[in-house]
Amino acid sequence: MNGYKLIIDTARRFIGCIGVVSICGLATAAEVSGTVSLDHHGLSSLKTGVPSHVISVALIPGQGQLVERAATREQKIEIRDNRMHPSFLTVQKGDRVEFVNRDAVFHQLFSLSRGEPVSIQLGKPGGQRASRTSFEFKEPGTTHFFCRIHKKSYARIDVVDTPYLQAIQPGQSFHFAGLAPGKWKLRVASAAAETQWIEVRALTSPPPLHLTLAYRDSVNGFANPEMQSDIEQLFR
């Protein structure tokens, strides 16, 4: 009789463990997905020469959501032909970005942001002065980098407090999986368009979102790096 009771208790504990595992699995099976397009005000990019622009998609934890931070990463911006490449990056708070001079001329970089301003000179590759430097971004926000010598040299770096980051081309899909179900906030941005903040809910197999960012041009004061002649139009 005692042996039979032991078998029953063991079976109940096993079933209970399966239930806990199933619940935990469901708790992390939620996802958020969709596509993002750019609205060129009804103009065809093939006719107007409008270039393709990277779109940054960041999923921000909602109130009460616990997210494990990703390891610190380092990204790179190279200066070639007196321009910064890429000219738009989104990084996680705490990440580092290295600026590397590939030109045979000096560059004097400075920044505009709410945080502490940066001013540094990058030497020629192989010269006596350092041709590269890196910055750690500790606070969320946007920093604009310029060169005092070359007016078309520009880069924008957005910092967000989340490890859920994806960079896509217009019309491409984004997908965040393995999320805790509940409310999140989606940040969608492009250097050539507006920035949108959208409240979303992570669910199991949710319908995909279809988002559109309004394209900005130099006529109405918005940033289009390929269509203006002066760096001031990039930043106004």
Item to check | Matching residues in the stretch 86-112 - criterion: being in contact with a strand residue (DSSP E or B) (Cβ under 8 Å, 6 or more places away or on another chain) and in a loop (DSSP other than H, G, I, E, B) | outcome: 86, 87, 93, 94, 95, 102, 103, 106
Checklist entry - Which of the following residues is closer than 30 Å to residue 80 by Cβ and modelled with pLDDT of 90 or more: 182, 171, 221? => result 171
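Condition first: of a type in the set (Val, Ile, Thr) and surrounded by 15 or more Cβ atoms within 10 Å (Cβ to Cβ). Can you find one or more residues in the stretch 104-111 that meet it? Outline the logic, then answer.
Start the filter on the stretch 104-111 by keeping residues that are of a type in the set (Val, Ile, Thr), which leaves 105.
If we keep only those that are surrounded by 15 or more Cβ atoms within 10 Å (Cβ to Cβ) as well, we get none.
Checking the stretch 104-111: not a single residue is of a type in the set (Val, Ile, Thr) and surrounded by 15 or more Cβ atoms within 10 Å (Cβ to Cβ).
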Next on the checklist: Restricting to the stretch 119-149, count the residues that are closer than 30 Å to residue 68 by Cβ and outside any strand (DSSP E or B).
Outcome noted: 4
Next on the checklist: Anything in the stretch 150-196 that is out of contact with any helix residue (DSSP H, G or I) (no Cβ under 9 Å at 6 or more places or on another chain), surrounded by fewer than 16 Cβ atoms within 10 Å (Cβ to Cβ) and not in a strand (DSSP E or B)? List them, or say none.
Outcome noted: 161, 169, 171, 172, 194, 195
Item to check | Residue list for the stretch 84-113, restricted to those being charged (D, E, K, R) and under 29 Å from residue 162 (Cα atoms) | outcome: 93, 95, 96, 98
Checklist entry - Can we say residue 216 is basic (Lys, Arg), surrounded by 14 or more Cβ atoms within 10 Å (Cβ to Cβ) and in contact with a His (Cβ under 8 Å, 6 or more places away or on another chain)? => result no
Checklist entry - How many residues are at pLDDT 90 or above and of a type in the set (Lys, Arg) when one looks only at the stretch 125-135? => result 1
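The values are calculated or read from the model by the stated rules, or taken from the named source; none is laboratory data. None of the values given here were measured: they were computed from a predicted structure. For neighbour counting, all protein chains shown are included, and Cβ atoms are generated from backbone atoms with ideal geometry for every residue, glycine included.
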